[in-house]
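Colleague: I have a structure here, written as structure tokens, and I will follow up with some questions on it.
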Amino acid sequence: AAVPVVKQNLREATEAFQRETIRQALAQNHHNWAACARMLETDVANLHRLAKRLGLKD
């Protein structure tokens with residue numbers, strides 16, 4: 001069986017996963033940040049900080 005080639009380091013892969021997970025949660029919650037935070041079981045302030053760090057918001 002072929003071994004997949006890793007093109008990202010762990011931090012980049014983690015950030016890509018977080019970015020996509022937040023995007024999907026926002027879409028499912030009609031861009032409601034509080035509902036998104038509840039769905040992801042995190043504090044809304046932490047979600048805003050993470051989204052800003054990941055480039056998802058200004």
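The values are calculated or read from the model by the stated rules, or taken from the named source; none is laboratory data. Model, not experiment: these values are computed from the prediction. Glycine gets a Cβ as well: all are built from the backbone with ideal geometry, and neighbour counts include every protein chain shown.
Colleague: Is there any pair linking a residue in segment 14-38 that is closer than 10 Å to A51 by Cβ to one that is surrounded by 16 or more Cβ atoms within 10 Å (Cβ to Cβ) and among the polar types (S, T, N, Q), with Cβ under 7 Å and at least six apart or on different chains, and which?
Modeller: C36/N29
Colleague: Would you mind telling me which numbered condition in (1) at pLDDT below 95; (2) out of contact with any helix residue (DSSP H, G or I) (no Cβ under 6 Å at 6 or more places or on another chain) K57 fails?
Modeller: (2)
Colleague: Considering only segment 14-33, state which residues are of a type outside the set (A, V, I, L, M, F, W, C) and over 10 Å from the mean Cα position of the chain (by Cα).
Modeller: From segment 14-33, those of a type outside the set (A, V, I, L, M, F, W, C) are 14-15, 18-21, 23-24, 28-32; that's our starting set.
Within segment 14-33, Q28, N29, H30, H31, N32 meet the criteria.
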